[in-house]
1. Answer yes if at least one residue in segment 163-184 is surrounded by 15 or more Cβ atoms within 10 Å (Cβ to Cβ), modelled with pLDDT of 95 or more and of a type in the set (Lys, Arg), and no otherwise.
2. Against the conditions (1) open to solvent by less than 20 Å² (accessible area, probe 1.4 Å); (2) over 16 Å from the mean Cα position of the chain (by Cα), where does ARG139 fall short? Just the number, please.
3. Show the residue pairs that are 6+ apart or on different chains and have beta-carbon atoms under 6 Å apart, the first residue being within segment 1-18 and at positive phi and in contact (Cβ under 8 Å) with a residue 40 or more places away in the chain, the second being open to solvent by 100 Å² or more (accessible area, probe 1.4 Å) and part of a loop (DSSP other than H, G, I, E, B).
4. Quickly run through segment 105-127 and pick out the residues that are out of contact with any Ser or Thr (no Cβ under 8 Å at 6 or more places or on another chain) and either farther than 23 Å from ASP158 by Cα or open to solvent by 40 Å² or more (accessible area, probe 1.4 Å) (or both).
5. Could you tell me whether ASP214 is more than 21 Å from ILE5 (Cβ to Cβ), modelled with pLDDT under 80 and open to solvent by 80 Å² or more (accessible area, probe 1.4 Å)?
6. From the list ALA132, ALA138, ALA152, which one is closer than 23 Å to ASN182 by Cα, part of a helix (DSSP H, G or I), touching an Asp or Glu at 6+ places or on another chain (Cβ under 7 Å) and in contact (Cβ under 8 Å) with a residue 24 or more places away in the chain?
7. Tell me which residues, restricted to segment 117-129, are of a type in the set (A, V, I, L, M, F, W, C) and in a helix (DSSP H, G or I).
8. Do we have GLU119 as of a type in the set (Asp, Glu) and at pLDDT 95 or above here?
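The values are calculated or read from the model by the stated rules, or taken from the named source; none is laboratory data. Keep in mind that what you see is a predicted model, and the values were worked out from it rather than measured. Cβ placement follows ideal geometry from the backbone for every residue including glycine, while neighbour counts extend to all protein chains displayed. These accessible areas exclude ligands, DNA and RNA; they are computed on the full protein's heavy atoms, side chains included. Shrake-Rupley method; radii C 1.70, N 1.55, O 1.52, S 1.80 Å.
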Amino acid sequence: IKALIAAEDEHFYENNFGFEFDSFVRAYIQAKLKTMRTFKKATPWGTSTITQQVAKLFISHLDESGHGLVSITIDRKFRELRLAAALRKMYSPNEILEVYLNHCVASDYGLIGIKDISEGLLGKNLNELSDAECIYLARMVKWGSNLHSKIAHQCRIDMPRMGEALGWSPEYKRTVLNVIDNIKFTKPNQIVTNSGHLVDLANEFWLKYLKKNDLKKNKKIDKEMDIINPNSLIRKKG
């Protein structure tokens, strides 16, 4: 938690607004400049606070494929900011953080929440994690998937802030980063069936149904709705 807050939202406990006003203004100006430069409408893009990410959870919706969506508009961003401010008035930082850690952090195989990710990818309970594994999970939140090379690189970028918050020496920080480079992962148990041919037939029928109802709109949806793929959304979520 210390590493997460140091890297993701260092003012989390003190910021009673729920959002960083300066960051929002900077992102808005950058979007306007990009629109003028490319003649294509750009939307503000920047780092959200932990409270904003929890707020976004409550204004997202599931599309026909079961995929969580949130609109990319200025109006949606203002809704998110207002809700973030309301959350900070109604709930304590630790209550907001609890929702974030249990519902806003996701990874492969449909794993949601730090506890399930730890058990599914590392085969450990939270109290069994090493310092390196804690740091790794703290930066996985940026990607929503177990992209080892990118997460390890992000750990190196954020280690000065995280290490300072944890009181680590330069030597120990280097040790932790070296361990992160060699972390080993497990795979959640997959369903084993004696009726693979029926799964294949069901998959073909399902994909034709999606196409007929115009639900196969892009390659990402195709991949997410493929029953045969054990890491697809439909296999993960049902």
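1. Within segment 163-184, one or more residues are surrounded by 15 or more Cβ atoms within 10 Å (Cβ to Cβ), modelled with pLDDT of 95 or more and of a type in the set (Lys, Arg).
2. For ARG139, the failing item is (2).
3. Nothing qualifies.
4. TYR109, GLY110, LEU111, ILE112, LYS115, ASP116, GLU119, ASN127
5. In short, yes.
6. Answer to the selection: ALA152.
7. ILE117, LEU121, LEU122, LEU126, listed by residue number.
8. Against the criterion (of a type in the set (Asp, Glu) and at pLDDT 95 or above), GLU119 does not qualify.
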